[in-house]
Structure formats: structure tokens, C-alpha cells
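The values are calculated or read from the model by the stated rules, or taken from the named source; none is laboratory data. Please read all numbers here as calculations on a predicted model, not as lab measurements. Don't worry about glycine lacking a Cβ; one is built from the backbone with ideal geometry, like all the others, and counts go over all protein chains shown. For accessibility, only protein heavy atoms count, side chains too; no ligands or nucleic acids. Shrake-Rupley method; radii C 1.70, N 1.55, O 1.52, S 1.80 Å.
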Amino acid sequence: MENNLDGTIPRELGNLQLLQDLSLGNNTLEGTIPSEIGHLYNLKLLVMEKNKLKGSIPLTIFNLSSLEFLYMSGNMLEGPLPRDIGNMTMLTALDLGNNHLTGVIPDELGNLQELVDLSLYLNNFSGSIPIGIFNISTLISISLSDNHFSGNLPSTIGHGLPNIEGIFLGEKQY
């Protein structure tokens, strides 16, 4: 369900210390994501997809070690994906697709051993795809299409992904 909320995300949301679910998706919110969101240490669900958010993802968000679901697709977020992504070991779903993220995907993404759904499609990532991604045995879907990757796929790809149902590495597949 969508609303028509606009304006910016209030920094004061960071004061809601017991908050476990924050869903602001499918609105027209704009501006940057307040770093105070990263102070919500009990947060399990963070949805900010399909807004008009810009700037980089605050580093504080990557310290939310209890976060299980992170959805920020369909914005105008930019900058690199920091190595601190590896701290989010409880993540089961990560969707940062359809943004303007750049740089290489950090090897630390392979630390997310609970990950079921990985969506980084339609960004500006480059370099090689970290081999650790292909060793996350819980993954069911990997969507990395429409980026600027190079290199080879690992020959072990068929051994580390026993539950995989979809791998999307080419042009749009959705």
C-alpha cells in the first residue's frame, strides 16, 4: 500500500529506541537519509524503497546488526557500498537495486550467511563480483543485472548455492 507522504524523513525517528519495523516505502519522500536512523539498534525491518531519496546511505545504518530486511531500491542513492555491510550478519533480504551506487561490491558481502535475496541490479557497480557471494548457501535469488561488472564467474558456482532458484547477471530480467 502506498501513501502520498512527501518532504524529508525526520531525524527524530532516531529517538524511537524500541522501534523494530520502519516502513516508509512507496511515497515521494526526498532529501537524504538521516544518520540517526542508524541509532535504531532494535530495528529488524527498514523499508525506504520507491521514494526520491538521494545522497549516500549513512554509514550508521551498516551497524544495525539486528536488521533482517533492508529495502532501499528505486531511489537516487549514490556512492559506494561500504565494507561495513559485512556487519549486518542477520540480513535475509538486501535490495539496493535501481539506484546510482558505484564502486566495487565489497568482499565483506560474503559474510552475510543468512541472506536469501540479494538485489543490487541497475546500479553502477564495477569490477569483479566477489566470490564470497557464491558461497552464501542460503541464497535463493541473486540479481546483479545492469551494472558494469567484469571478470569470470567462479567455477565453484554450482557447489556453494544449493538453494538458488534465480541468478540474474545480464540485462534486465524482470
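A few comments on the model shown:
- For the chain: relative contact order, % (alpha-carbon pairs under 8 angstrom, 6 or more apart): 13
- Unit charges at the beta carbon, dipole of the chain: most positive-side option, 111, 93, 67: 111
- Rel. contact order, % - alpha carbon contacts under 8 angstrom, at least six apart, region 17-70: 43
- Computed from backbone phi with θ = phi - 60° and the Karplus coefficients 6.51, -1.76 and 1.60, the 3J(HN,Hα) list for region 107-116 is 4, 4, 4, x, 6, 7, 6, 9, 5, 10 Hz; x is used for glycine and proline.
- Taken over region 1-126, the convex hull of the Cα atoms encloses 88 Å³ per residue.
- Average accessible surface for the chain: 50 Å² per residue, computed with a 1.4 Å probe over protein heavy atoms with every protein chain in place.
- Each Lys and Arg contributes +1 and each Asp and Glu -1, all at the Cβ; summed about the Cα centre of the chain, the dipole is approximately 160 debye.
- Radius 11 Å from Cβ of residue 124, net charge of other residues (Lys, Arg +1; Asp, Glu -1): -2
- Measuring nothing but protein heavy atoms, the accessible surface of the chain at 1.4 Å probe radius is 50 percent carbon and sulfur.
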